[in-house]
There are 2 protein chains.
Amino acid sequence: MTRLLILGGSDAGTSAALRAREVESSAEVTVALADRLPNYSICGLPFYLSGETPDWHWLAHRTAEDITREGIHLLLDTTAQAIDPANHLVTVADREGQVRALEYDRLVIATGAVPVRPHLPGLDLPGVFLLRSMEDSFAVHACLETRAPRSAVIVGGGYIGMEMADAFIHRGLAVTVVEHGGTVLKTVDESLGRLVSAELGRHGVEVATGVAVERIAQAGTQLHVMGSEGFSATADLVLVAVSVQPQTEVAQAADIATGERQAIRVTRAMETNVPDIFATGDCVETWHRLLQAPTYLPLGTTAHKQGRIAGENAVGGHREFAGTLGTQVVKVFDTAVARTGLRDAEAAMAGFDPLTVESRSWDHKVYYPGAHELHIRVTGDRKTGRLLGAQMVGHYQAEVAKRIDIFATALFHGMRVDDLSDLDLSYTPPVSSPWDPVQISAQAWVAHRQRSLSP
Amino acid sequence: MTRLLILGGSDAGTSAALRAREVESSAEVTVALADRLPNYSICGLPFYLSGETPDWHWLAHRTAEDITREGIHLLLDTTAQAIDPANHLVTVADREGQVRALEYDRLVIATGAVPVRPHLPGLDLPGVFLLRSMEDSFAVHACLETRAPRSAVIVGGGYIGMEMADAFIHRGLAVTVVEHGGTVLKTVDESLGRLVSAELGRHGVEVATGVAVERIAQAGTQLHVMGSEGFSATADLVLVAVSVQPQTEVAQAADIATGERQAIRVTRAMETNVPDIFATGDCVETWHRLLQAPTYLPLGTTAHKQGRIAGENAVGGHREFAGTLGTQVVKVFDTAVARTGLRDAEAAMAGFDPLTVESRSWDHKVYYPGAHELHIRVTGDRKTGRLLGAQMVGHYQAEVAKRIDIFATALFHGMRVDDLSDLDLSYTPPVSSPWDPVQISAQAWVAHRQRSLSP
């Protein structure tokens, strides 16, 4: 019987707990989490705040009851203060500050990530919010309900920024997005980022790019946001959604090694450098399947996978994480933006000889009503022809997400771009073409490469 | 300079012609086709007949102008009568019966398939239709427009039958589908076929299964369809959509070898047994990647792939067909039905030890509006754990088609079911879950297998 202690009860921690019980039904599993709510869908917060998900309880991937029903012991509002690897003890404190020591045979650290707090004067003003946890979202929600703001400035044009722009417009607010980079959604190439900007514009969102926000100040009952390039905007609410960082102070204090952005360094079996201690989820480095190196890429999908592996291995299993490809998708109004694998510059840095070719095609035969155009960028290695990555923008009902997954599955197996034409993909006129857009874009890449190799 | 002659101008023939010109720009390419219309989307006929595609011209994958612009010589209304391999000649006849001989260096036979005409008394009555060619669809269309039928009986519950039931309901007809088997859509397992029957029922289609149609007779201005089990129905129009067979008489007369269902036997390079003669598309046997054997599986996607390979190889290339997985999808009203790989019985016949597990999951997080349930059946080998096939039914906007393609891509690479959980698939709450339904269904299979292996 393994006594398994897990610090953190979000995706990775809960997955670890459930998997451990699945594999060793006698395992004594305790999950200590700092919040009062386990395993809520952080990715769902924008939809709660938009009103599309009216009740926050619905956001539970699993409720506390679901988890305890599996024989898992939950310690809510319980924060880890120190890990003592030599004695296999963790000191925790509850909400009242009551401190106690918990014994473990195996420990899984799944303490997740926290938002980066930029050095921005005015960040603590009332009406200025970060968004990461359920508690954060309750604060924003309370503001929306009680103060009825009519306008919002969103600092940061990443995933959360895009989804919250959508959410606030859904609520009837006037929205301005301020982004430091040249386009929003810097996770995809500029030409695709511009399509997203256009989609924001179509829905009435003001977009200011190339602007560094410098300060936020009170302006009567409103907030005044000032930035470079003379940027100045006034709004009732400011949401700062810049980036996240791994939460690893307690682990570091116990001499658990960290790497990239101070995320915990783990093997592909999710072991730390300290015996009997595993770590998993947004607080760890992630093995990249294409780079064959660790990176920091906190994603819910990865947290679930890694949590499951940590849970299995903590009770004696031998599973290894197969690696991330950084596959991700976001819905911005009616548009889905997806990517997998490496972009051109990332591939070049990793020593590949990348070529990226953009093409357009219809998601299904245009003679059937409702066809949408897809913009696909394929990155491959000029020398070997190997597929390195793909990015796609199109209507969110045009199967963008699962088309990027065809690329992801091809990448997983190290396919050459040319060989994508060999895949036997499904077709009927209302959903595709005899050559799927995935294959049309691959053929465009191959043709472009051939032209570029000819004299 | 290769003189390339292609018999047939639908998907396979046109793909061969275009690819040959792409690879050898000096190739002299002639396409002789029996119809007056090259490369129309046969798969689109139901949507033309439903009225969703109002103009049949839109069905052209490529128009005659598109094709001739690529430097391809088109001979319309031209039927091959005999092939003389020794002298590299093909005798053709045009619409006026004028006969001439065409020389070739390389020949590609792409004569496609024709509907099976069941031995059914009454099949030639006015108002009874088969549906395969553009000309067939013009006949049905003329009947719909001029005779304004108010009811239809469809004989055959396969893809065409399902799509035409949808099309006729769209037109306001009362529709009865008669199917010999126990459920409609015998290309998927019975539990999924029943879901399709239910979808037909929701849209007012009468479904009679387990009925062998025995005769069609004139009944005043109507048609009377009689079958086993006392089946009897009267309608203004009868559509017979049973099956298709390869059109290979001319090839057989030239001693070109055939196999399965008299389809032309080809290598994976699309060569026949006769030098300088290739064959491709719905008139040939298709290499099955999982069975590692030839089969007869006429599909538009395969025709495009094989045509491209035949065209490339006919001008000196060395590409091989990677094999079919039988991946296919059909939309029936709001439901998509998709499959790839082998079903349980097919796998057992091929010597595998199959286990098929059905599970249900939501296409995306239910807290976001509009979630649809997916029914997924995964077939894998009990001994090795290898993925053998998958079938899926769900709302056609729930990314069913491209989810089956994730399975198809996994099958292509011989993955184990358990390893599907390693795939890095995209997630955002409006389109998926942290574990995609593909992975949830794989995990259900693995759990079921483990339980069945335990004492």
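The values are calculated or read from the model by the stated rules, or taken from the named source; none is laboratory data. It should be emphasised that the depicted structure is a prediction, and the values quoted were computed from it without experimental measurement. Here the Cβ positions follow ideal geometry from the backbone for every residue, glycine too, while neighbour counts run over all protein chains shown. Quick note on the areas: whole protein, heavy atoms, side chains included, nothing else; ligands and nucleic acids left out. Shrake-Rupley method; radii C 1.70, N 1.55, O 1.52, S 1.80 Å.
Among the listed pairs B:LYS305/B:LYS365; A:LYS305/A:LYS365; A:LYS365/B:LYS186; A:LYS383/B:LYS383; A:LYS383/B:LYS331, a Cα-Cα separation exceeding 31 Å is found for B:LYS305/B:LYS365; A:LYS305/A:LYS365; A:LYS383/B:LYS383; A:LYS383/B:LYS331. Within the same chain, aspartates and glutamates fewer than 8 places from B:LYS402 are excluded, and of the rest, those with a Cα less than 13 Å from its Cα are A:ASP363, A:GLU399, A:ASP405, A:ASP424, A:ASP436, B:ASP363, B:ASP436.
Per-residue 3J(HN,Hα) values for segment A:320-335, derived from phi via the Karplus relation 6.51 cos²θ - 1.76 cosθ + 1.60 with θ = phi - 60°, read 10, 5, 7, x, 8, 10, x, 5, 7, 9, 9, 9, 10, 6, 8, 10 Hz in sequence order (x marks Gly and Pro).
Using the alpha-carbon positions of chain A, Rg (one decimal) and Dmax (whole number) come out as 23.3, 75 Å. In order along segment B:124-136, phi translates into HN-Hα couplings of 9, 5, x, x, 9, 10, 9, 9, 9, 9, 4, 4, 4 Hz, rounded to whole numbers, per the Karplus curve 6.51 cos²θ - 1.76 cosθ + 1.60 with θ = phi - 60° and x for Gly and Pro. Per the Debye formula on identical point scatterers at the alpha carbon atoms of segment A:41-108, with no solvent, log10 I(q)/I(0) at q = 0.16, 0.19, 0.26, 0.27 Å⁻¹ is -0.77, -0.89, -1.06, -1.08. Dimensions of segment A:300-455 based on its C-alpha atoms, expressed as ranges along the principal axes with the largest first, amount to 55, 43, 29 Å.
Each listed q (0.18 Å⁻¹) maps to a log10 I(q)/I(0) for segment A:285-361, found by the Debye formula over equal Cα scatterers with no solvent: -0.87.
With all protein chains in place and ligands, DNA and RNA left out, the 1.4 Å accessible area ranks B:CYS43, A:CYS143 as B:CYS43, A:CYS143, largest first. The trypsin sites (Lys or Arg not before Pro) of segment B:1-95 meeting both criteria, a DSSP state outside H, G, I, E and B (loop) and at most 11 other C-beta atoms within 10 angstrom of the site's C-beta, are B:ARG95. Set the Cα radius of gyration of segment A:226-368 against 2.2 N^0.38 Å, with N its number of residues, and you get 1.37. Couplings 3J(HN,Hα) for segment B:139-155, derived from phi with the Karplus relation 6.51 cos²θ - 1.76 cosθ + 1.60 (θ = phi - 60°), are 5, 5, 4, 4, 4, 4, 7, 9, 9, 6, x, 10, 8, 9, 10, 10, 9 Hz, where x marks Gly and Pro. With label points defined 7 Å past Cα in the direction of Cβ, position B:THR384 shows copy-to-copy spacings of 2.6 nm, given to one decimal and shortest first.
The coefficient of translational diffusion for segment A:148-195, derived via Stokes-Einstein from the alpha carbon Kirkwood radius under 4 °C and 1.567 mPa s, stands at 117 µm²/s.
Could you give the longest part of chain B that holds none of the GluC sites (Glu not before Pro) found in DSSP loops with at most 16 neighbouring Cβ atoms within 10 Å? By the stated rule (loop sites, at most 16 other Cβ atoms within 10 Å), B:321-455.
When Rg and Dmax are taken over the Cα atoms of segment B:214-277, they come to 20.3, 56 Å.
Note that segment A:350-416 shows a convex hull volume over its alpha carbon atoms of 88 Å³ per residue.
Simple spin-label estimate for B:ASP276 and A:HIS395 gives 5.0 nm between the two label positions (7 Å along the Cα-to-Cβ direction from each Cα).
With the label 7 angstrom out along Cα to Cβ, how close does A:MET349 come to the same site in each of the other copies, in nm, nearest first? Label-point distances to the other copies, shortest first: 5.4 nm.
Once you sort the root eigenvalues of the Cα gyration tensor of segment A:1-125 as a ≥ b ≥ c, which label holds: rounded (a/c under 1.5), prolate (a/b larger than b/c) or oblate (the other case)? In terms of gyration-tensor shape, oblate. If both residues of a DSSP beta bridge must be in segment B:1-151, then about 45% of such bridges are antiparallel. In plain terms, if you count all Cα to Cα distances in the protein assembly as shown and split them into 20 Å steps from zero, the share in each step is 14, 41, 32, 12, 1, 0 percent. Projecting label points 7 angstrom from Cα along Cα→Cβ for A:THR267 and A:THR91 puts them 3.0 nm apart.
Which shape class, rounded, prolate or oblate, goes with segment A:17-59 when its Cα gyration tensor gives a ≥ b ≥ c as root eigenvalues, a/c under 1.5 marks rounded, and past that a/b bigger than b/c marks prolate? Verdict is prolate for segment A:17-59.
Considering segment B:317-376, its Cα convex hull presents a mean projected area of 7.5 nm². Grab the beta carbon distance between B:GLN81 and B:ASP136, set R0 = 30 Å, and tell me the FRET efficiency rounded to 0.05. My answer for the efficiency is 0.85. Computed about its Cα centre, the charge dipole of segment A:74-228 is approximately 400 debye, with only Lys, Arg, Asp and Glu carrying charge at their Cβ. With the charge dipole of chain B set up from +1 on Lys and Arg Cβ and -1 on Asp and Glu Cβ about the Cα centre, the Cα lying farthest toward the positive end among the listed residues B:ALA139, B:PRO121, B:GLY156 is that of B:GLY156.
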